[in-house]
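Trainee: I have a structure here, written as structure tokens, and I will follow up with some questions on it.
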Amino acid sequence: DTGVSQDPRHKITKRGQNVTFRCDPISEHNRLYWYRQTLGQGPEFLTYFQNEAQLEKSRLLSDRFSAERPKGSFSTLEIQRTEQGDSAMYLCASSHRDRGRNTIYFGEGSWLTVV
Amino acid sequence: AQTVTQSQPEMSVQEAETVTLSCTYDTSESDYYLFWYKQPPSRQMILVIRQEAYKQQNATENRFSVNFQKAAKSFSLKISDSQLGDAAMYFCAYTEIQGAQKLVFGQGTRLTINP
């Protein structure tokens, strides 16, 4: 098990384009989280899944953002019609609700730059 | 809503010395978890130490220890025998016991180790 994997690590896109990020959680982790981190700030919660169900979304997650976790395994975060304000690092994290004292493990993040 | 505050944007310490990073939080819950995460320039968030609020004993992990003052809602991190590899952003974080268990992060403290 190599930990939480995110792809791509870096993405530069033009304003108005759509981008999609993928997260592969630690095997058997039933909880998956997305966070957004801008320079000089701590990560902010976006959304979370328990298995395939998306159970909570932050008000930071505008209508242009959509996240999925089909079959309760990997997850995707899509941003439509990107804006310069979307430039940030998007962090994925996973945990197991009933194991490992609920420790949350993070991936290396996906950097998005909107030009 | 829960909040986490780190009042020291930057700290520096001489190699082999001891440094303490401060964190305060606000919550109306009586039971919760607190964490310190380290984020080096590679950007991956790494768990340093965790504390369960119901435990009076302060958590320790090798050179890292916490001073948990529940009544004061204070959770400081002490790093002993500082090493060059400790240089990073350090984030204090809170999470609830129930529900989504999403992390609420402070603004971070940038720690520099002087050789």
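Trainee: Write down the accessible area per residue of chain B in Å², having rolled a 1.4 Å probe over the full set of protein chains.
Mentor: 47 Å²
Trainee: In nm, what is the difference between 0.36 nm times the number of residues separating residue A:27 and residue A:12 and their Cα-Cα distance?
Mentor: Length difference between fully extended and current span is 2.5 nm.
Trainee: What length, rounded to one decimal in nm, is gained on full extension from residue B:17 through to residue B:112, with 0.36 nm per residue of separation minus their alpha-carbon distance?
Mentor: Between residue B:17 and residue B:112, full extension yields an extra 33.0 nm.
Trainee: May I ask for log10 I(q)/I(0) of the stretch B:27-115 at q = 0.18, 0.23 Å⁻¹, from a Debye sum over the Cα atoms as equal point scatterers with solvent left out?
Mentor: So the normalised log intensities work out to -0.80, -1.22.
Trainee: Give the residues of the stretch B:51-70 whose amide nitrogen is closer than 20 Å to a point set 7 Å from the Cα of residue B:5 in the direction of its Cβ.
Mentor: Residues passing the 20 Å test: B:67-70.
Trainee: Once the Cβ-Cβ distance between residue A:55 and residue B:74 is put in as r, and R0 is 25 Å, what FRET efficiency do you end up with, to the nearest 0.05?
Mentor: With R0 = 25 Å, the Cβ-Cβ based efficiency is 0.20.
Trainee: Just checking the output field for A:82-93: average partner chain Cβ neighbours within 10 Å of each residue's Cβ?
Mentor: 1
Trainee: Expressed as a rounded percentage, what relative contact order does chain A have, with Cα pairs under 8 Å and six or more residues apart?
Mentor: 36 percent
Trainee: A follow-up question, please. How about the stretch A:1-107: which trypsin sites (Lys or Arg not before Pro) there are in a DSSP loop, with at most 16 other Cβ atoms within 10 Å of their Cβ?
Mentor: Passing sites in the stretch A:1-107 are A:9, A:14, A:15, A:59, A:64, A:81, A:97, A:99.
Trainee: Which distance in Å, rounded to a whole number, links the C-alpha centroids of the stretch B:44-115 and the stretch A:46-115?
Mentor: 23 Å
Trainee: Right, next: If you take the accessible area of A alone, add that of B alone, and subtract the area of the pair, what total do you get in Å², probe 1.4 Å, to the nearest 100?
Mentor: 1900 Å²
Trainee: Between the DSSP loop rule and a limit of at most 13 other Cβ atoms within 10 Å, which GluC sites (Glu not before Pro) in the stretch B:7-36 are left?
Mentor: For GluC sites (Glu not before Pro) across the stretch B:7-36 that sit outside H, G, I, E and B with at most 13 neighbouring Cβ atoms in 10 Å, the list reads B:15, B:17, B:29.
Trainee: Would you check the accessible area of residue B:73, probe 1.4 Å, heavy atoms only, in square angstrom rounded to 10?
Mentor: 60 Å²
Trainee: Enter the mean number of other protein chain beta carbons within 10 Å of the beta carbon of each residue in B:101-113, as an integer.
Mentor: What the average comes to for B:101-113 is 4.
Trainee: Hey, another quick one. Given a 1.4 Å probe, show me the residues in the stretch B:46-72 buried by at least 30 Å² of accessible surface when comparing the whole protein assembly to the chain alone.
Mentor: Relative to the lone chain, where solvent access is computed with a 1.4 Å probe, the stretch B:46-72 loses at least 30 Å² at B:50.
Trainee: Karplus couplings for the stretch A:64-72 from phi (6.51 cos²θ - 1.76 cosθ + 1.60, θ = phi - 60°), rounded to Hz, Gly and Pro as x?
Mentor: 7, 9, 9, 10, 9, 8, x, 6, x
Trainee: Hey, what do the phi angles of the stretch B:43-55 turn into as Karplus ³J(HN,Hα) couplings, whole Hz, using 6.51/-1.76/1.60 and θ = phi - 60°, x for Gly and Pro?
Mentor: So the Karplus estimates, Gly and Pro as x, are 5, 6, 6, 10, 5, 9, 6, 9, 9, 8, 5, 6, 8 Hz.
Trainee: Listed here are the pairs A:71/B:38; A:71/B:102; B:70/B:102; A:71/B:55; which of them are more than 26 Å apart at the Cα?
Mentor: Over 26 Å apart, Cα to Cα: A:71/B:38; A:71/B:55.
Trainee: On to the next question. Note down the relative contact order for chain B as a percent, whole number, built from C-alpha pairs under 8 angstrom at least six residues apart.
Mentor: About 37 percent, as a whole number.
Trainee: In addition: Computed over the Cα atoms of chain A, what is the ratio Rg over Rh, Rh following Kirkwood?
Mentor: For chain A, the value is 0.96.
Trainee: Show log10 I(q)/I(0) for the protein assembly as shown at q = 0.13 Å⁻¹, two decimals, from a solvent-free Debye sum over equal Cα scatterers.
Mentor: -0.78
Trainee: Additional query: For residue A:76 and residue A:64 in one chain, what is 0.36 nm times their gap in residues minus the Cα-Cα distance, to one decimal in nm?
Mentor: Gain on stretching residue A:76 to residue A:64: 3.0 nm.
Trainee: Within the accessible area of chain B, what % is carbon and sulfur when the probe is 1.4 Å and the other protein chains stay in place?
Mentor: Taking all protein chains in place, chain B shows 45 percent carbon and sulfur surface.
Trainee: So what are the ³J(HN,Hα) numbers for the stretch B:57-70, from phi and the Karplus equation (6.51, -1.76, 1.60; θ = phi - 60°), rounded to whole Hz, Gly and Pro as x?
Mentor: 6, 6, 6, 9, 9, 6, 7, 9, 9, 10, 10, 9, 10, 5
Trainee: Right, another one. What aspartates and glutamates sit close enough to residue A:11 to cross-link, taking a C-alpha to C-alpha distance under 15 Å and skipping anything fewer than 8 places away on the same chain?
Mentor: Partners found: A:78, A:83, A:86, A:108.
The values are calculated or read from the model by the stated rules, or taken from the named source; none is laboratory data. This one's a predicted model, so the numbers in the text were calculated from it and none came from an experiment. FYI the Cβ positions are ideal-geometry reconstructions off the backbone, even for glycines, and counts take in every protein chain you see. The accessibility values were calculated without ligands, DNA or RNA, using every heavy atom of the protein model including side chains. Shrake-Rupley method; radii C 1.70, N 1.55, O 1.52, S 1.80 Å.
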